[in-house]
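The values are calculated or read from the model by the stated rules, or taken from the named source; none is laboratory data. These numbers come from a predicted model, not from an experiment. As a convention, Cβ positions derive from the backbone with ideal geometry for all residues, glycine included, and neighbour counts pool all protein chains shown. Accessible surface is based on the protein model in full, side chains and every heavy atom, while ligands, DNA and RNA are left aside. Shrake-Rupley method; radii C 1.70, N 1.55, O 1.52, S 1.80 Å.
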Amino acid sequence: MQYFSIVRVVSPPAGQPQVVVEYFHDTARNYFNTIDQAEIDALDAGTFAGWTREVGSFIAWPSAAAAPEGAVPVCRFFGSKFTSHFYTADPAECDAVVANFPDWVLETREAFWIFLPDKTTGACPENLMPVWRVYRPSGPNHRYVTDRNVRDTMVLLAGWIAEGYGPDAVIMCTPR
């Protein structure tokens, strides 16, 4: 069996980009993203039962050395109480979660590297597009999508909450 995720970009991103792959667990109704090849291999092999690839993948960089100038590290949290992961590229938000939300355990401050939007407007730098984060408060889970229609449908019809900067609640920026 072969697994792959397709991410379309207008032009090749700088540095050594990789795909952050999205997975979905049908029973738990949870989403999970990872750039870590060992996790991708294990999930694709069925080592963790119930996970299948989903369409919400996007581009990021696995390390500072692989990333272009201006990219920032992303914190990754795990909530065993929720069986869920949470990501933020904002160092202030990372520190606030560490200080105020003990149910979310910091796994790493360098899960991958990506760009932040303008914190006031939510605008992404040139040649980058939004990554939206939505949050489901019941059975907490986060999802990261680059498709505005998916984000809007989850918020308007499924009760998820948009989290991010500016009027469009953009949380990160990925190559266009």
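Protein heavy-atom surface of the stretch 3-113, 1.4 angstrom probe: 56% of the accessible area is carbon and sulfur, with nucleic acids and ligands not counted. Note that the chain presents 52 Å² accessible area per residue, ligands and nucleic acids not counted, probe 1.4 Å.
Across all Cα atoms of the stretch 69-144, the radius of gyration (one decimal) and Dmax (whole number) stand at 13.0, 39 Å. Translational diffusion of the stretch 1-125 was estimated from the Stokes-Einstein equation, with Rh taken as the Kirkwood radius over Cα pairs; at 20 °C and 1.002 mPa s the coefficient is 137 µm²/s. The local environment of residue 29, defined by Cβ-Cβ distances under 13 Å, has a net charge of 0 under the rule Lys, Arg +1 and Asp, Glu -1. If you take all other residues with their beta carbon under 10 Å from the beta carbon of residue 74, and give Lys and Arg +1 and Asp and Glu -1, the sum is 0. Between the amide H of residue 160 and those of 155, distances stay under 5 Å, these residues lying 5 or more places away or on another chain, with hydrogens modeled in the peptide plane. Rounded to the nearest 500, the 222 nm mean residue ellipticity of the chain from helices alone is -5000 deg cm²/dmol, with -39,500 (n - 2.57) taken per DSSP H run of at least 4 residues. A cut-off of 5 Å between modelled amide H atoms, ignoring neighbours fewer than 5 places along the same chain, links residue 174 with 129, 131. When only Cα pairs below 8 angstrom with a gap of at least 6 residues are kept, the chain shows a relative contact order of 21 percent. Taking amide H atoms as placed 1.01 Å from N in the peptide plane, the amide H of residue 108 lies under 5 Å from those of 76, each 5 or more residues away in sequence or on another chain.
Here the Karplus curve 6.51 cos²θ - 1.76 cosθ + 1.60, taken at θ = phi - 60°, turns the phi angles of the stretch 127-135 into couplings of 6, 10, 10, x, 10, 9, 10, 10, 10 Hz, with x standing for Gly and Pro.
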